[in-house]
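The values are calculated or read from the model by the stated rules, or taken from the named source; none is laboratory data. In this text, all values refer to a predicted model and were calculated from it rather than measured experimentally. Here the Cβ positions follow ideal geometry from the backbone for every residue, glycine too, while neighbour counts run over all protein chains shown. Ligands, DNA and RNA are excluded from the accessible area calculation, which covers all protein heavy atoms including side chains. Shrake-Rupley method; radii C 1.70, N 1.55, O 1.52, S 1.80 Å.
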Amino acid sequence: QVRVVQSGGGSERAGGSLSLSCAASQSIESFHAIVWYRQAPGKERELVASLNTNGEIWYADSAKDRFALSRDDAQNTVYLQMNNLEPEDTAVYYCLAATRYDNFWGQGTQVTVSS
């Protein structure tokens with residue numbers, strides 16, 4: 001059974017930085033994609049950033065130039081570094097590890113940004 005465990009997040013003031021981690025129980029390369037989503041209260045889930053099997057990284061417009069996705073293959077972990085945070089970044093952030101046949105979700109991490 002694949003496990004995906006998130007850590008990080010918390011509360012920060014606007015302009016600050018937070019980091020999220022997504023640790024999988026197997027190699028990052030075994031997944032078709034690793035995806036970061038977020039969901040703010042009363043809003044639909046939003047795709048924030050993704051890493052595909054070719055190592056390509058994609059960012060939503062809201063994350064470009066502020067967020068950075070990186071990986072540590074030795075730790076089977078993908079990170080989302082969030083800089084220059086805005087109150088609009090407040091949400092629960094979820095990590096999804098996708099294989100060709102199944103999706104494995106992290107437990108979610110709260111990020112709260114105050115103005």
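Once the piece of chain linking Asp73 and Ala40 is laid out straight, how much longer is it, given 0.36 nm per residue of separation minus the C-alpha distance between them?
Numbers: separation 33, 0.36 × 33 = 11.88 nm, distance 2.98 nm.
Extra length from Asp73 to Ala40 when fully extended: 8.9 nm.
For the range 1-111, with every protein chain kept in place, what is the accessible area per residue (1.4 Å probe, Å²)?
On the way: 6060 Å² over 111 residues.
I get 55 Å² per residue for this part.
Tell me the relative contact order for the chain as a rounded percent, counting alpha carbon contacts under 8 Å between residues six or more apart.
Details: 286 pairs, mean separation 42.5, N = 115.
Relative contact order comes out at 37 percent.
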Given charges at Cβ of Lys, Arg, Asp, Glu: the chain dipole, positive-most of Asn52, Asn103, Asn83
Asn103
Heavy-atom accessible area ranking, 1.4 Å probe, most first, across Arg3, Arg100:
Arg100, Arg3
Please work out the Cα center distance from the range 88-115 to the range 1-80, rounded to the nearest Å.
7
Using +1 on the beta carbon of Lys and Arg, -1 on that of Asp and Glu, and nothing else charged, what's the dipole of the range 1-53 about the Cα centre, debye to 20?
140
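Report the FRET efficiency, 1/(1 + (r/R0)^6), for Arg100 and Ser11, where r is their Cβ-Cβ distance and R0 is 30 Å, rounded to 0.05.
Values: r = 37 Å, r/R0 = 1.24.
It comes out at approximately 0.20.
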Compute, for the range 26-115, the length of the dipole vector about the Cα centre, with Cβ point charges of +1 (Lys, Arg) and -1 (Asp, Glu) only. Units Debye, rounded to 20.
140
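Report in % the part of the accessible area of the chain that belongs to carbon and sulfur, leaving out ligands and nucleic acids; probe 1.4 Å.
Values: 2730 of 6310 Å².
Using a 1.4 Å probe with all protein chains present, the chain comes out at 43 percent carbon and sulfur.
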Efficiency of FRET from Cβ geometry, Trp58 and Ser114, R₀ 25 Å, rounded to 0.05
0.30
